[in-house]
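Beneath this line is the structure, given in structure tokens, with notes to follow.
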Amino acid sequence: MSSLFLPSGRVMLEALVLVLVAASAGLSLNYSMVMKAFSGRNVVAVPQAATQRAALQFPMPVDYEELDQLLAAGHLLVDARDPNIYADSHLAGAISLPLAEVDQLLAEFSARVPHDKPLILYCNGFGCPDSFDLGVRLIAEGYLQVQVYEGGLPEWRDRGRQLESGVTP
Amino acid sequence: MKQSLYHLCRLSLAGVFIYAGYLKGSDPVAFAGQVAAYQILPYAFNYLVAATLPFVELLCGVLLLLNQRVRPALLVLFGLNTVFMLALFSLVLRGLEVDCGCFQPAGEEGTGTSPQMALLRDAGLMLAILAAWVLRQQHAKEPLDG
């Protein structure tokens with residue numbers, strides 16, 4: 001029975017040759033990369049990769065002028081403010097995801113809004129960090145297109161646009 | 001029956017390792033990054049592994065596909081898979097959540113395979129390797145069988 005499992009000497013020798021042949025093929029094809037690595041030089045430019053990753057983790061801003069076009073294209077408005085203030089008045093069509101309660105609400109939100117849905121977050125305008133912080137959370141959760149409307153509710157209101165009251169249906 | 005099981009194991013292993021070897025071999029620098037994420041080898045040796053390992057996988061896969069030198073190829077894959085499983089197990093022990101680097105070298109963040117899943121998959125590959133080995137050995141002992 002053991003002879004079924006143990007390799008013969010010839011098989012072991014052939015295996016060794018196989019490894020040597022493949023390894024030398026790989027080495028000759030990647031000669032410059034390996035030599036660079038062994039001479040202590042960096043093969044990859046690290047800082048560039050790091051900045052690319054940083055850019056991916058933060059939401060990008062969107063201006064009032066771009067807003068209507070994006071909303072027409074199916075972007076979803078998300079209100080990052082307190083739910084009571086949201087109930088008083090919010091941008092037409094916005095749904096509520098308060099930053100303060102994101103830990104409790106994120107699972108439900110995530111189940112309701114697909115991760116490839118483009119989102120536009122807002123709060124109380126310039127100087128309000130909540131929508132940006134919420135954006136970071138949503139990107140970490142796996143949302144692929146998250147933007148922040150920095151003008152927020154004040155700019156929208158001052159432009160004379162429609163506000164709604166009540167809770168999310 | 002035994003013969004079709006043997007060919008099934010042989011061909012699926014061939015597919016898996018040709019695929020893995022091709023993907024990693026076409027982007028050795030990215031693959032070296034994934035080997036480095038295991039934090040086992042010193043800096044430059046990650047590149048040595050990245051330069052050679054995909055070609056060993058590729059050659060073994062091709063030999064299995066052609067049904068040539070099957071036992072040496074299986075023996076090498078057995079050795080490789082043992083090393084993979086030890087490395088993955090060390091990730092689990094150290095609590096490192098890195099992408100296993102089994103197939104896609106330049107995968108997007110968060111799409112990789114967790115060490116636990118990769119271990120499970122490697123255990124499956126190990127079964128296929130052992131099955132193919134035993135069936136091939138039996139086959140060699142009964143040459144009249146075809």
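The values are calculated or read from the model by the stated rules, or taken from the named source; none is laboratory data. Everything numeric here is computed off the predicted structure, so don't read it as measured data. Because the Cβ atoms are built from the backbone with ideal geometry, glycine has one as well, and the counts that use them run over all protein chains shown. Surface areas here come from the heavy atoms of the whole protein model, side chains and all, with no ligands, DNA or RNA. Shrake-Rupley method; radii C 1.70, N 1.55, O 1.52, S 1.80 Å.
Numbers at a glance
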| read-out | value |
| --- | --- |
| Shielding score for B:56-68, defined as the mean number of other chain Cβ atoms within 10 Å | 2 |
| Accessible surface of chain B [probe 1.4 Å, protein heavy atoms]: carbon and sulfur percent | 69 |
| Peptide A:7-18 - average C-beta neighbours from other chains (10 Å radius) | 5 |
| Probe 1.4 Å, protein heavy atoms only - accessible area per residue of the stretch B:2-141 in square angstrom | 47 |
| Alpha-carbon gyration tensor eigenvalues x 5, square-rooted, for the protein assembly as shown, Å | 55, 23, 15 |
| Span-rule helices in chain A, defined as complete DSSP H runs reaching 24 Å or more along the axis (Cα) with Kyte mean at least 0.0 | A:9-29 |
| Test item: Cα-centred dipole of the stretch A:51-164, Lys/Arg +1 and Asp/Glu -1 on Cβ, debye | 220 |
| Derived scalar couplings ³J(HN,Hα) [the stretch B:64-74; Karplus, 6.51 cos²θ - 1.76 cosθ + 1.60; whole Hz; x for Gly, Pro] | 5, 4, 7, 6, 10, 6, 5, 5, x, 4, 5 |
| Those aspartates and glutamates that a straight Cα-Cα span of less than 18 Å connects to A:LYS117, excepting residues fewer than 8 apart in one chain | A:GLU66, A:ASP68, A:ASP79, A:GLU108, A:GLU141 |
| FRET E, pair B:SER26, A:LEU144, Förster distance 41 Å, beta-carbon r, rounded to 0.05 | 0.95 |
| Rg/Rh (Cα only; Kirkwood hydrodynamic radius) as it applies to the stretch B:1-127 | 0.98 |
| Most to least packed among B:68-74, A:139-145, B:48-54, B:78-84 [average Cβ atoms within 10 Å] | B:48-54, B:68-74, B:78-84, A:139-145 |
| Options A:VAL17, A:LEU138, B:SER90, ranked by Cα towards positive dipole end of the protein assembly as shown, top entry (Cβ charges) | A:VAL17 |
| Residue-averaged [θ]222 nm for the protein assembly as shown, counting only DSSP H segments that reach four residues, each worth -39500 (n - 2.57) | -20500 deg cm²/dmol |
| Averaged over B:69-77, number of beta-carbon atoms from partner chains that fall within 10 Å | 5 |
| Under the Karplus curve 6.51 cos²θ - 1.76 cosθ + 1.60, θ = phi - 60°, whole-Hz ³J(HN,Hα) for the stretch B:19-33, x wherever Gly or Pro sits | 4, 4, x, 5, 4, 6, x, 7, 9, x, 5, 5, 5, 4, x |
| Ranked by how many other beta carbons lie within 10 Å on average, peptides A:130-136, A:94-100 from highest | A:130-136, A:94-100 |
| Occluded residues from the stretch B:14-37, i.e. those whose accessible area drops by 30 Å² or more once the chain is not alone (1.4 Å probe) | B:PRO28, B:VAL29 |
